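*Asks:* Provided herewith is a single structure, encoded as structure tokens, for subsequent inquiry.
The values are calculated or read from the model by the stated rules, or taken from the named source; none is laboratory data. Note that this is a predicted model, so its numbers are computed, not measured. So basically every Cβ, Gly included, is an ideal-geometry build from the backbone, and we count neighbours across all protein chains shown. These accessible areas exclude ligands, DNA and RNA; they are computed on the full protein's heavy atoms, side chains included. Shrake-Rupley method; radii C 1.70, N 1.55, O 1.52, S 1.80 Å.
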Amino acid sequence: MNRRVRAVLACAALSSLLLVAPGAQVRAEAMPSNIPQSHTTAPTKTVGALFAPNSGGQHTCTATVLASPTQDLVITAAHCLAGTGAGWTFVPAYDKGKAPYGVWHVTAAYVRPLWQSKQSPLADIAILRLAKQTRGGHSVGIQQVTGGVRLATAAAPGTVTTVTAYNGGSGDRPITCTQRVLRQSGYPMFECGGYVGGSSGSAFVTGSGQSARITGVIGGLHQGGCVDYVSYSSPFRLGVMFLFARAELHRTGDNVVQPGDDGC
């Protein structure tokens, strides 16, 4: 299973069995002195913690709200879950156990065919659809509450990216780091310490404000990496845009296969 945390959560029904592979390295190695360390940051409205059913209040992955016409989508890593996504919840801007913008329920999960057939690290991406909520007498999607970040293809090496994540646990705050995107064996990656269990699915965000774009998520090679200071993403290419289109059209979701070993 995943590099950083290996845990299996039993669900009430086999159809919603979830294998948690939260994505954060566990291998204890001395970090090179030229690599920075992540730091705790104030929560961001568009970034939140994912909770699996029967998780005992422990969040297990990170997701980010996508800007979309349907206003009800978040993006994370495919290896974070297995099954239909039923019972998962997303808490944007999770902050020391609090849910300032509410708790949102997953209604469908979408992954690429290459993940379903081979669990390919080239396709370690998932988009989740969230149920809308009634607020002020109106049905609203999560994007109307938190805003969203646009999806884009992978950034060129050397591009500055910021990655905000929730390490697995509860009652905490997110961490963040801003670094330049590198590329190794065809996979985008960045180097920054402290990305451990729960950081899988955290978005590589390039630019800021209206120019912000999601160009990757922690996952991909070794389901994100084998040490806490190296984090990978599957390369975002045209297939990611096809996946986004399918989710945006509210096609039938996938029964996501269980992730295999991370190879670390």
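*Asks:* Under 7 Å between Cβ atoms, which residue pairs at least 6 apart in sequence (or on different chains) link something in region 235-263 that is farther than 20 Å from ARG150 by Cα with a partner that is among the aliphatic types (A, V, I, L, M) and open to solvent by 30 Å² or more (accessible area, probe 1.4 Å)?
*Replies:* PRO259/MET1; ASP261/MET1; ASP262/MET1
*Asks:* From (1) under 18 Å from the mean Cα position of the chain (by Cα); (2) modelled with pLDDT of 95 or more; (3) not basic (Lys, Arg), pick out the condition that doesn't hold for HIS39.
*Replies:* (1)
*Asks:* Looking at region 150-163, is at least one residue touching a residue at least 40 places away in the same chain (Cβ under 8 Å), surrounded by fewer than 24 Cβ atoms within 10 Å (Cβ to Cβ), in contact with a Pro (Cβ under 7 Å, 6 or more places away or on another chain) and not in a loop (DSSP other than H, G, I, E, B)?
*Replies:* no
*Asks:* What pairs come up if the first residue lies in region 120-134 and is within 16 Å of THR70 (Cβ to Cβ), the second is part of a strand (DSSP E or B) and open to solvent by 40 Å² or more (accessible area, probe 1.4 Å), and their beta carbons are under 7 Å apart, counting only those six or more places apart or on different chains?
*Replies:* Pairs found: ARG129/THR107; LEU130/HIS105; LEU130/THR107; ALA131/HIS105; ALA131/THR107; LYS132/SER139.
*Asks:* While we're here: Filtering region 187-210 down to residues that are at pLDDT below 95 and farther than 19 Å from LEU81 by Cβ, which residue is least open to solvent (accessible area, probe 1.4 Å)?
*Replies:* GLY209
*Asks:* Sticking with this one: With the requirement that a residue be open to solvent by 50 Å² or more (accessible area, probe 1.4 Å) and free of Cβ contacts under 8 Å to residues at least 24 places away in the same chain, what does region 79-102 give you?
*Replies:* The one that is open to solvent by 50 Å² or more (accessible area, probe 1.4 Å) and free of Cβ contacts under 8 Å to residues at least 24 places away in the same chain: LYS98.
*Asks:* Looking only at region 164-186, count how many residues are in a loop (DSSP other than H, G, I, E, B), closer than 21 Å to LYS45 by Cβ and open to solvent by less than 40 Å² (accessible area, probe 1.4 Å).
*Replies:* Here the count works out to 4.
*Asks:* When region 124-148 is examined, which residues are found to be part of a strand (DSSP E or B) and surrounded by fewer than 22 Cβ atoms within 10 Å (Cβ to Cβ)?
*Replies:* Step one: filter region 124-148 for residues part of a strand (DSSP E or B), giving 126-130, 133-135, 138-140.
Correct list: GLN133, THR134, ARG135, HIS138, SER139, VAL140.
*Asks:* Just checking, does region 66-73 include any residue being open to solvent by 50 Å² or more (accessible area, probe 1.4 Å), of a type outside the set (Asp, Glu) and in contact with a strand residue (DSSP E or B) (Cβ under 9 Å, 6 or more places away or on another chain)?
*Replies:* Keep residues of region 66-73 that are open to solvent by 50 Å² or more (accessible area, probe 1.4 Å), which gives 69, 71.
Add one more test, that the residue is of a type outside the set (Asp, Glu), and what stays is 69, 71.
Subset that is in contact with a strand residue (DSSP E or B) (Cβ under 9 Å, 6 or more places away or on another chain): 71.
So far as region 66-73 goes, yes, one or more of its residues are open to solvent by 50 Å² or more (accessible area, probe 1.4 Å), of a type outside the set (Asp, Glu) and in contact with a strand residue (DSSP E or B) (Cβ under 9 Å, 6 or more places away or on another chain).
*Asks:* Right, another one. Does at least one position in region 37-57 carry a residue that is part of a strand (DSSP E or B), in contact with a strand residue (DSSP E or B) (Cβ under 6 Å, 6 or more places away or on another chain) and without any contact (Cβ under 8 Å) to a residue 60 or more places away in the chain?
*Replies:* The answer is yes; a qualifying residue exists.
*Asks:* Hey, another quick one. I'd like to know if region 216-228 contains one or more residues that are open to solvent by 10 Å² or more (accessible area, probe 1.4 Å), more than 23 Å from THR60 (Cα to Cα) and assigned to a loop (DSSP other than H, G, I, E, B). Walk me through how you get there before you give the answer.
*Replies:* From region 216-228, those open to solvent by 10 Å² or more (accessible area, probe 1.4 Å) are 221-223, 226-228; that's our starting set.
Imposing the further condition that a residue be more than 23 Å from THR60 (Cα to Cα) reduces the set to none.
The answer is no; no qualifying residue exists.
*Asks:* What are the residue pairs meeting all of these: first residue in region 193-209, first residue on the phi > 0 side of the Ramachandran plot, second residue among the charged types (D, E, K, R) and in a strand (DSSP E or B), Cβ atoms under 9 Å, and 6 or more apart or on different chains?
*Replies:* Here the result reads GLY207/ARG213, each pair linking region 193-209 to a residue that is among the charged types (D, E, K, R) and in a strand (DSSP E or B).
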